[in-house]
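Throughout, read-outs are computed from the coordinates displayed, never taken from laboratory work. Remember, predicted model here, so these are calculated numbers, not experimental data. Here the Cβ is made from the backbone with ideal geometry for all residues, glycine too, and neighbour counts use every protein chain on show.
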């Protein structure tokens, strides 16, 4: 049996997609903070500049996103499609994202949930990333030649609200309880000051993480939703468990 | 971060429950073979002697189960309730099973799926074990005094047929592709010769494992269904991935 | 009516279970009328005398049920368990019902839906019949010796209200549009005069059948819910189709 | 084979849609083989030349598809939309497919499942065919004038993998156990040698068919998922049943 | 506590969207009749002229819709997108609808269900209105400047058939039993004489309303499906209840 | 139209059932506080003394429950069945509870959710109350003679954890944001000091209520799950709405 889980940590990057400049931070910023702290490279791909939002100008929001990424130890790029609140499920977009996957060649990909009861850009980006993860494997896609095909190991959906959580996938929980992780996450959310001054977004995310954590006997946890079944070499891989009574 | 996953293998036993003498072997025998091979103790609790079956006398079936457990490297005991095809969801049974949990003190527990479209003993035992896993934690249960409460780390459901797979839990896959594992599993199933001579049960299970395996780029896999969210310290714990295109 | 699908009619009886004296008639009386008209024997097993109902004395209700069965061309027997509104899911009951299945040896079995949002007797009887259909196959069940095992061909659930329709099974529709069938069905429902004088039960059932019928381009249809996948020898077996636009 | 359910065979063609040159064969080739063997015309409409695939050039793949269709006794045509891996849900495409339906005028239509966790072309073609089946009925659609409206009798979804099976439709099983049917199916799959040399697609499909078959007491079965309720004239139409215990 | 529910009736308009000239009337005309009778303004937005339908010319259908709106006490406008049977989910359409929401500034919005097993225009319009209700809140959407953002209080889906009812939202029932309401509703449906002469659409809707009503102890009721949880100031707001036994 | 909603507030009591002495307070104590504050009588029925819990002796727990009820303005009684962690779904229990319903004659009933992934006593009590609400209507139940039948207006399920929330019922939210309501709720939870000293139950409930509240633009909200569709006389009854963007 390959000594997969316990051996030298895999060093493939985690790649996170966001529809707007703050989605990644609010949806899974604590997870990113933890990964970069233990040495995994993280890269963000943001698909609009948030120009349709009520608060914040696009330039400000891009700057906030860059600063938040830095706080989380991640690099960032912007891949604009149809513009904030204009995203459509188009094959060309999925192929563009597949090209990003082939370039970055990540192990784990994080994307917004494709559940529909949320900002339409979120569900559509989730669907596009899901498609892109398949297209990145197809050797004959002429738009992507000559970059070699790439198969990611995991696609995990994150959710910014409970309504956005997929109702047909069981969550897995990532323990983000370490104080420095929570602090880095909060700092990254606070970096989006154009958004947080007007709404209590940070409180929402901390309450969600606290609730998932309390339910599993830890301080804070982020729920992620795997697009495909997880595969383990043995029961030892199932994690430490977090059953309450 | 606690070095949980990669450190000295946890040594708590895996405890598997079966309603009939062959359920564990057919439902998750490959997983058991793998666990015992890597040194984890395994114990079986079988809740009838299969006396309602069309084939095989109870004594023969008990002997087959004992032999199969040995082939899988597991110990076995029989805890009889209402008899084969007579199992009811009674609080006393759940408490009895909670007592077993307190005695064996396993980390991981395997039980038949509580989905209802299957042999009624299976779904009811699944429900009883689910209840027992909670009751084992309650300090005031007088029937269980003075054995100290015990909290298991994971409850995972197995299924003997596809119809029995829970439709509200995402599966996780355990890679059981190593030839010696498959061989041990098949041997354990063949030990139930009273059953396998009349029906193609072994072929069904191998086809299921093959199909799960092929879908995740490996030879054979068993699907298990966690009763509660899995918890990981980081994304590195999510296993090696098994995405096809 | 076209001489329909099965030229040489299979002659195994249809066996319908009801928790109360009028359940079968209200839930699937039109289907029964049609089957007996084309020569299939029908038998009813009623599991209480309706003694908890607000209207009608048990003797009256039994008499009404006998008369309704006659109007539908069916025979009837009463198998009492715990009494109206007292039915429990007990293994002994499932075994008793399995004994009935071995005695009557039907091809098709109709039972109330096991969905829970309805009269508790209904869902419990549905569950018991589902279990009984399995137990009837097990050769070693000592209570049922020496009656030979029997495997039914189909278990179909009926529903008395929409809320009782199982939400995880796709319905099949049985065309009951022929005027003599509708008339026989209405007569059988009217035979339960202790019930129909106080409530508009007949109107409810006709509206349900009319609505299912209108949705499939026929006059009246009854929706039934197969417990297991239907099996056909070719696409020609799929029926005549009832797609609207 | 027993002359089964429909004595005078209905003679409307079965029309199968595929997103790529091999989808129909892998998803429901056994069913097609059986239909043509008993005299029903079959026609394939393939919506790309598989040009994005890792293996096989478009010309080769088209030739493979033509040969496979011949082996199954079917005719074939190619209706190209946006290209392999580029398919979008556009009204114009649905109308084009509705035009095909009006031209071919089939009774039964087979299409890939619209479930989303699969190749995006598959789910989108499933959605488009579903829409087309409705649009084909609308007399005022100017693009389709003057071809007369056509109402199909059944739309059934097929799935190439288990993940693609719709989770809100109960399957029906078609018995494809006859050795000559299995042989024809395997030959048609093998005709796609550009695909099967690199991956074990044929084994996957045979394992799926074997598993469905074993669960229903036959050798091999294909699961299909009806878009609308099946309609029968009596319980005799429900097929022969395939209940295991 | 604010005396919300019992105080001066809120006077914000109800805004109903329909894909075709008769959708609103058939799907929720009774509810509209009731609202206008008690003094709430109602406005209809119809997104095609029904030009793909088998029966009725576009001019006739527009005239029918205008007359039906008048009969229901509502105003009406036509906002054409891609044409009947050509509707696509495009961001530009959602933004156009968001502009309508900002102009009309309704409290309650009614839209066709986004469930997919129905006329594709219906599900797509449901999706578009759902998106529009969010976009109308976003202050930075340049296409909508300078109209001020508007947040509706409720989005409720209506369904024209049972198949179109969303299966993941619990319905609420609106009692439309008053004879003058039913009469106004029927008159509005009859105004679409180009449609009702050929099909029994009115009977379908009355049977649906009757069935919902009978199930809740009233004469007629319309089921609506709230896109978001309802919020009440106390349990007194939960309505009068309609439980049967 | 009957002026139902806006007229003299209904004065029927709210009756809440709990399996253990603290379930009602943790699950829906804020709602109770609000109801009693506006003058609605509230009564609690607790079905064990919590004697299986790890912390707290039965006498202490009963005293805590009495004090908590007083703090919430409710009366309380204990109806013991099989004992803490021993509750079974027995017809006799449902009939006993139906007798309570006939005695108290409440309008609204609150019960623990029947979802199964929680303490087994909770789901079983939820099921029993659901059954009892039906049985209370049946005039012929001899155990309940001569108390007259009673039909409640609403049955609403509460949940103590997110896992216990029913996944097939849409929630409604009750705004409990008023500071004195939150204070009364917290005081009632704190009255269960035997429980709260060891676990952070209060924090869990406040986080849940805060999260539901934040999602609907208010401070705190409790989610309740109606067993049957809500019925309103007009759209004005739908409450004030709580849509976010």
Practice task
With both partners inside chain D, how many of the DSSP beta bridges are antiparallel, as a percent to the nearest 5?
Solution key: 25
Handout entry: Distance between modelled label sites at residue F:59 and residue C:59, nm, 7 Å Cα→Cβ extension
Key = 5.6
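Per residue of C:40-53, how many C-beta atoms from partner chains lie within 10 Å of its own C-beta, taken as a mean?
2
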Exercise for the section: May I ask you to derive the relative contact order of segment B:115-245, considering only C-alpha pairs under 8 Å and at least 6 residues apart, and to give it as an integer percent? Expected result: 27
Handout entry: GNM result for chain A, Cα springs below 10 Å: residue of A:112, A:149, A:229 fluctuating most strongly
Key = A:229
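For chain A, build the convex hull from the C-alpha positions and give me its volume per residue in Å³.
Looking at chain A, the number lands at 129 Å³ per residue.
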Problem - Residue of chain E whose Cβ sits closest to the axis mapping E onto A, with distance in whole Å - result: E:89, 4
Completion exercise
Sorting from shortest, the nanometre distances separating the label point of residue B:59 (7 Å past Cα along the line to Cβ) from those of the same residue in the other copies are 5.6, 5.6, 7.6, 9.2, 9.5
Completion exercise
Sorted shortest first, the nm distances from the residue D:198 label point (7 Å along Cα→Cβ) to its counterparts in the other copies are 4.8, 4.9, 4.9, 6.0, 7.2
Handout entry: Whole-Å distance, taken between Cα centres, linking segment F:39-89 and segment D:127-184
Key = 57
Exercise for the section: Mind telling me which of F:235, F:12, F:97 comes out most flexible in a GNM of chain F, alpha-carbon contacts under 10 Å? Expected result: F:235
Practice task
List the distances, in nm and shortest first, from the label point of residue A:75 to the matching label points in every other copy, placing each point 7 Å from Cα along the Cα-to-Cβ direction.
Solution key: 5.5, 5.7, 5.7, 7.2, 8.2
Practice task
Grab the beta carbon distance between residue C:105 and residue A:150, set R0 = 56 Å, and tell me the FRET efficiency rounded to 0.05.
Solution key: 0.40
Fill in the blank from the handout: Expressed in angstrom and rounded, the centroid-to-centroid distance over alpha carbons for segment D:187-245 and segment F:195-220 is 50
Practice task
With springs only between Cα atoms under 10 Å apart, run a GNM on chain D and tell me which of D:44, D:17, D:78 wobbles the most.
Solution key: D:78
Exercise for the section: Just tell me how shielded F:132-142 is by partners: mean number of partner chain Cβ atoms within 10 Å of each residue's Cβ, no decimals. Expected result: 6
Fill in the blank from the handout: Averaged over the residues of C:201-209, the number of partner chain Cβ atoms within 10 Å of each residue's own Cβ comes to 3
Practice task
Calculate, in whole percent, how much of the Cα-Cα pair population of the protein assembly as shown lies beyond 45 Å.
Solution key: 42
